[in-house]
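One structure is given below, encoded as structure tokens.
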Amino acid sequence: MIVGIIGSGAMGSGIAQVIATAGHKVHLLDKNAQALERAAKSIKGSLRKLSAKGKLSENDAADIQDRLNFTEAHQDFGDCDLVLEAVVEDLEVKQNLFREVEMIVPEHCILASNTSSLSIASIASACQNPERFIGIHFFNPAPVMPLVEIIPAVQTREGLAEEIKDMVQSWGKLPVIAQDTPGFIVNRVARPFYGEAIRIYEEGIADIATIDWAMTELGGFKMGPFTLMDFIGHDVNYRVTESVFASFFYDPRYKPSFTQKRLFEAGYFGRKSGRGFYNYQEGAVPPAPTRDEQLGHYILNRILAMLINEAIDALALRVASKEDLELAMTKGVNYPKGLLAWADELGAQHVLATLDGLYKEYHEDRYRASPLLRKMVRENQTFFPGL
Ligand SMILES: NC(=O)c1ccc[n+]([C@@H]2O[C@H](COP(=O)([O-])OP(=O)(O)OC[C@H]3O[C@@H](n4cnc5c(N)ncnc54)[C@H](O)[C@@H]3O)[C@@H](O)[C@H]2O)c1
């Protein structure tokens, strides 16, 4: 198989490495020669590290490099079986790109986008043959993160999602299938991890260090929400939040916060800019959490109830299957447990009581419980009976 990748930035270069490692020839295209140079250097460095760790022989690393063709010419795509774009997150740019690419690639060539926030249907609509178009969404860094979301659009031909699933699996990745709805699985279901944490902080219930402590020490999450937002960068995380909110026709459940917007506006992007919620400058002393178990459990319970509700609602609206929802949250964002299994463990009744308690207190739509959660309680059901 020959694969064309457009955009050699953070995502495109990582995806190229994954596919070349799986044994396929890859044309990695960028309009910017410097970006191509950076990509070549970064892939080389990454392969060298793997060799040094004994995970890859030097011969294999050399073969992978040989399968990579760095190019600025679309003409090279004449022999491609799959073209995947990872250029800037701009609908018009992506649409124009596929108009050009479709004139060059063979008829059987599959076209795909790595977009995080645009609808696959809207990009596919620019194509003459949109039935061959699909979303293939990797996570950053692509060579390390196992999850890949596959998103068929309304135009995508029947069966293509399953074909791509097998293909992605053969690249050593874990594919899940998601509906073409905002945020797909991970970027939708994870929203309350950030949003509810910020809300608790804004209300003065706890400070950022205490909320991070509760989620990591008591909840078992690898990173607390504020550390994670600083790590992702507020330029990225705030933009995703804003875009998911707008795409959901301004459903209050996804409302962004002024707290994060101000950090974004100030250029306090997080770790990469030296300042975000935390201060990363040399000599800065990180704030200490208040290790109050009762407060910690209140924080964990509230954020977790919101996350579980989001996962249950995604299931109710058939965004993905039960199994794929669990896989997505454990492999895409490293949650300690799948949220539906967590619901079973806590008891649907407990989760519903938490949400109804918040709704009663605030009278805000963001705390509305999913009808499926109510049904589970009414019928005394679990998501994974017998486990
Ligand atoms: N960064 C992430 O965490 C992440 C995760 C998943 C998906 N994505 C998505 O992947 C895509 C790329 O993101 P990124 O972070 O790698 O961006 P990036 O800015 O690192 O790289 C984009 C690259 O595309 C090139 N480019 C722009 N327009 C082009 C054109 N018309 N033709 C050829 N090359 C062009 C740029 O020169 C640049 O090198 C976006 O759609 C983004 O939403 C990003």
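The values are calculated or read from the model by the stated rules, or taken from the named source; none is laboratory data. Quick caveat, the model's predicted, so the values are computed rather than measured. For neighbour counting, all protein chains shown are included, and Cβ atoms are generated from backbone atoms with ideal geometry for every residue, glycine included.
Quick one: which helices (runs of 4 or more DSSP H) lie wholly within the range 288-369 and hold at least 3 residues that are among the charged types (D, E, K, R)?
In the range 288-369, 293-316, 322-331, 348-362 are the helices (runs of 4 or more DSSP H) which contain 3 or more residues that are among the charged types (D, E, K, R).
Go through Ala209, Ala190 for me and flag whichever is modelled with pLDDT of 95 or more and buried (at least 21 other Cβ atoms within 10 Å of the Cβ).
Ala190 is the lone residue from the list that is modelled with pLDDT of 95 or more and buried (at least 21 other Cβ atoms within 10 Å of the Cβ).
Kindly indicate whether any position in the range 81-102 is under 30 Å from Glu37 (Cβ atoms), under 24 Å from the mean Cα position of the chain (by Cα) and among the basic types (Lys, Arg).
Checking the range 81-102: at least one residue is under 30 Å from Glu37 (Cβ atoms), under 24 Å from the mean Cα position of the chain (by Cα) and among the basic types (Lys, Arg).
What single numbered condition from (1) under 30 Å from Lys331 (Cβ atoms); (2) in a helix (DSSP H, G or I); (3) of a type in the set (A, V, I, L, M) fails to hold for Leu84?
Among (1) under 30 Å from Lys331 (Cβ atoms); (2) in a helix (DSSP H, G or I); (3) of a type in the set (A, V, I, L, M), Leu84 violates only (2).
Which one is surrounded by the fewest Cβ atoms within 10 Å (Cβ to Cβ) among residues in the range 212-235 that are within 16 Å of the ligand (Cβ to nearest atom) and touching a residue at least 24 places away in the same chain (Cβ under 8 Å)?
Phe231
Output the number of residues of the range 92-140 satisfying the condition of being at pLDDT below 95 and surrounded by fewer than 15 Cβ atoms within 10 Å (Cβ to Cβ).
Number satisfying all stated conditions: 1.
When Gly4 is evaluated against the numbered criteria (1) surrounded by fewer than 19 Cβ atoms within 10 Å (Cβ to Cβ); (2) within 16 Å of the ligand (Cβ to nearest atom), which criterion, by number, is the only one it fails?
Condition not satisfied by Gly4: (1).
Could you pull out the residue among Lys49, Lys25 that is without any contact (Cβ under 8 Å) to a residue 60 or more places away in the chain, surrounded by 14 or more Cβ atoms within 10 Å (Cβ to Cβ), more than 8 Å from the ligand (Cβ to nearest atom) and not acidic (Asp, Glu)?
Selected residue: Lys25, the only one of Lys49, Lys25 that is without any contact (Cβ under 8 Å) to a residue 60 or more places away in the chain, surrounded by 14 or more Cβ atoms within 10 Å (Cβ to Cβ), more than 8 Å from the ligand (Cβ to nearest atom) and not acidic (Asp, Glu).
Identify the single condition in (1) hydroxyl-bearing (Ser, Thr, Tyr); (2) surrounded by 22 or more Cβ atoms within 10 Å (Cβ to Cβ); (3) farther than 21 Å from Asn140 by Cα that Ser247 does not satisfy, given that it satisfies every other one.
Condition (2) is where Ser247 drops out.
Working carefully through the options Ile185, Ile136, find the one that is closer than 15 Å to Ala86 by Cα and of a type in the set (A, V, I, L, M).
Ile136
Would the range 228-238 turn up any residue that is farther than 24 Å from Thr156 by Cα, of a type in the set (Val, Ile, Thr) and assigned by TED's automatic domain parsing to the domain that holds Lys272?
Yes, the range 228-238 contains a residue that is farther than 24 Å from Thr156 by Cα, of a type in the set (Val, Ile, Thr) and assigned by TED's automatic domain parsing to the domain that holds Lys272.
Tell me the residue from Ile164, Ile150, Ile123, Ile134 that is under 14 Å from the mean Cα position of the chain (by Cα) and not in a loop (DSSP other than H, G, I, E, B), please.
Ile150
Of everything in the range 319-338, what is out of contact with any Gly (no Cβ under 7 Å at 6 or more places or on another chain), farther than 12 Å from Phe384 by Cβ and crowded, with 18+ Cβ neighbours inside 10 Å? Give them in sequence order.
Val319, Ala320, Asp324, Leu327, Ala328, Lys331, Gly332, Val333, Tyr335, listed by residue number.
Just a yes or no: is a residue in the range 281-290 in contact with a Ser or Thr (Cβ under 7 Å, 6 or more places away or on another chain), of a type outside the set (Lys, Arg) and not assigned by TED's automatic domain parsing to the domain that holds Asn140?
Yes: the range 281-290 contains one or more residues that are in contact with a Ser or Thr (Cβ under 7 Å, 6 or more places away or on another chain), of a type outside the set (Lys, Arg) and not assigned by TED's automatic domain parsing to the domain that holds Asn140.
Kindly check whether there is at least one residue in the range 206-217 that is part of a helix (DSSP H, G or I), among the small types (Gly, Ala, Ser) and touching a helix residue (DSSP H, G or I) at 6+ places or on another chain (Cβ under 9 Å).
Yes.
Could you figure out which of (1) in a loop (DSSP other than H, G, I, E, B); (2) closer than 16 Å to Ser8 by Cα; (3) touching a residue at least 60 places away in the same chain (Cβ under 8 Å); (4) within 12 Å of the ligand (Cβ to nearest atom) isn't true of Pro143?
(4)
Considering only residues of the range 86-97 that are closer than 15 Å to Ser125 by Cβ and in contact with a strand residue (DSSP E or B) (Cβ under 8 Å, 6 or more places away or on another chain), which is farthest from the ligand (Cβ to nearest atom)?
Filtering the range 86-97 for residues that are closer than 15 Å to Ser125 by Cβ and in contact with a strand residue (DSSP E or B) (Cβ under 8 Å, 6 or more places away or on another chain), the one farthest from the ligand (Cβ to nearest atom) comes out as Lys94.
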